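Some notes on the structure that comes next.
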Amino acid sequence: MMSTPIWMPSVSTDLGDAFSRHLALFRGQRAYALGGIELDWLNALRDRALRRREQPLVDSTDKMLVLLAHPSANPSFKTEFETTFAAAWRSAYPLSALFQDERRFLSGTTMDYTLNCIDPGQVRAIEDAALADPSMQTFVQDMITKLTATSAQPRYGVYRGVFDIYSEALVCLFLRVRTGGRLTITKIPETKLAGPDFECSLDVEINGKTETLAFFIEVKSLDIVHAPQRLPEMLDEGMEVQIDVDRQIADGQRVAVGVGEIAPHRPYGNDPDYDPRSVRGTIETLIEKAAGNFKNTQFKRGPTFALANILRLPRPESGTGTLAPFYYDRAMGGACVSGVLWNMAFGEVGAPIHRTPDFEGKGTADRTLKRAGILVDPSLGLETPGLIVLHYDQRAYRFDGFYDPHWTSKEWVWSDVQVEAVLYALCGEYNDRSNGHAHEYAMNRDRT
């Protein structure tokens with residue numbers, strides 16, 4: 001039941017090869033330096049030009065090839081190459097260009113946490129997918145509109161809204177990559193009536209027969225703790241770090257070092273209970289965020305899976321152990337540690353939580369859970385066949401799934417086999433409330 005990391009393959013092109021040779025040949029010569037241009041972007045432009053036969057892009061990349069072939073023959077080589085590249089890039093990838101402009105504006109001053117959570121490589125993949133997909137086109141255009149609109153809203157607030165759109169685009173993109181064409185996923189237009197985000201149709205094999213399952217997905221992108229207060233506070237903290245670095249440089253230090261803390265789980269103000277290494281604290285934060293976002297009115301159209309994107313609330317990497325109620329961690333001499341995501345789904349109030357010890361001999365007790373997991377909390381009463389979590393672990397984006405055996409609905413009847421078929425197709429790795437896959441995850445393992 002090994003999951004497949006979600007990644008976008010890089011490409012190699014004649015333009016990229018020519019650029020690499022140029023860098024090696026003219027290293028250290030300022031007249032021919034092209035340090036602000038990235039190899040991956042050149043390859044992306046050339047690959048798209050040749051694959052899709054976009055004539056303006058073909059002409060631009062052809063021109064860059066000619067310039068690289070005879071740089072010394074052109075007195076304005078550097079200016080002409082950089083101008084040609086910039087025009088081609090902004091025309092082909094306008095959203096990526098806007099994000100880079102936002103990062104450059106803040107560079108050397110501070111950093112915006114939400115903006116840094118948006119992966120430039122995945123933005124490029126979203127723009128590529130948008131060439132032939134109406135849903136992805138809508139996502140791209142909506143992000144461009146938000147980034148370019150005149151607004152009195154603080155910039156960190158704009159980025160929060162952009163990230164919600166980016167989150168849905170990622171889900172759509174990644175699920176298509178995972179399922180290899182067996183999944184039809186369509187964005188549902190927003191209306192005044194609450195409802196899920198995506199309508200899905202998936203071909204699965206059950207008992208040797210192909211069956212098409214129709215279901216929905218409701219996506220929630222969980223933001224950091226006390227986001228409206230913490231995001232500007234994080235901007236100020238980043239600025240203080242940069243001021244300290246600038247001061248060291250002004251004092252003549254050859255190596256300037258700035259130290260800051262990126263703490264998305266930390267509450268605003270002074271919280272005496274905050275512990276950045278607490279497993280229990282992480283679980284409770286994820287439960288609280290998910291419970292505040294998912295509403296039962298969004299699960300009424302048919303079998304609807306809850307999908308939580310926690311990329312802005314990362315947790316310690318734990319391999320497959322995160323799918324178990326507890327697992328064996330070999331660090332610091334070895335200890336049994338509570339699985340964050342399993343407890344986010346199924347944790348019971350009062351359940352003891354254990355963490356990795358800070359050092360050998362240090363205790364692992366992390367007190368008891370104060371909130372029930374979102375699939376078992378009666379106050380939420382979510383009518384969902386399962387929870388899917390999008391997160392980043394071991395250098396890859398991953399979906400992990402959780403379900404309660406014998407799930408029943410007043411209106412729709414799905415068997416465990418059908419629920420598992422969906423979770424296997426969308427996630428690969430999944431577990432249930434009874435820890436039915438303990439043999440897979442209790443000892444933990446790295447994922448490939």
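The values are calculated or read from the model by the stated rules, or taken from the named source; none is laboratory data. All values reported here derive from a predicted model rather than from experimental measurement. Cβ atoms come from the backbone with ideal geometry, glycine included; neighbour counts cover every protein chain shown. Areas reflect the complete protein model, heavy atoms only, side chains present, ligands, DNA and RNA absent. Shrake-Rupley method; radii C 1.70, N 1.55, O 1.52, S 1.80 Å.
Work out how much length ILE262 to LYS209 would gain on full extension: take 0.36 nm times their residue separation and subtract the Cα-Cα distance, in nm to one decimal.
This chain segment gains 14.1 nm when fully extended.
Excluding same-chain pairs closer than 8 in sequence, count the lysine pairs in the chain whose Cα atoms lie under 18 Å apart.
Lysine pair count for the chain: 12.
Carbon and sulfur together cover what percent of the accessible area of the chain at a 1.4 Å probe radius?
Carbon-and-sulfur percentage of accessible area, whole number: 52.
Need the full-extension length gain, ILE188 to LEU50, defined as separation in residues times 0.36 nm minus the C-alpha distance. One decimal, nm.
46.4 nm
Would you work out the relative contact order for region 60-169, in percent, from Cα pairs under 8 angstrom that are 6 or more residues apart?
22 percent
If DNA, RNA and ligands are ignored and the probe is 1.4 Å, what is the ranking of VAL11, VAL171, VAL66 by accessible area, most exposed first?
Result, largest first: VAL66, VAL11, VAL171.
How high is the relative contact order of region 141-249, in percent, counting Cα pairs under 8 Å that sit 6 or more residues apart?
17 percent
Sort 337-348, 142-153, 90-101 for me by packing, meaning the mean count of neighbouring Cβ atoms within 10 Å per residue, highest on top.
In descending order of packing, they fall as 337-348, 90-101, 142-153.
Listed highest first by mean packing, meaning other Cβ atoms within 10 Å per residue, what order do 202-209, 229-236 come in?
The packing order, highest mean first, is 229-236, 202-209.
Can you pull out the GluC sites (Glu not before Pro) in region 402-444 that DSSP calls coil and that have at most 15 other Cβ atoms within 10 Å?
GLU411
What does the accessible area per residue of region 143-264 come to in Å², with a 1.4 Å probe and no ligands, DNA or RNA counted?
53 Å²
What whole-number distance in Å separates the alpha-carbon centres of region 203-234 and region 242-261?
41 Å
Taking the chain as the reference, fit the longest principal axis to its C-alpha atoms, fit the long axis of helix 416-426 to the helix C-alpha atoms, and give the angle between the two in degrees, 0 to 90, nearest 10.
20 degrees
Cα axis of helix 94-106 to longest principal axis of the chain: angle in degrees, 0 to 90, nearest 10?
The angle comes out at about 90 degrees.
If you take the alpha carbon radius of gyration of region 11-125 and divide it by 2.2 N^0.38 Å, what ratio comes out, to two decimals?
Normalised by 2.2 N^0.38 Å, the Cα Rg of region 11-125 equals 1.12.
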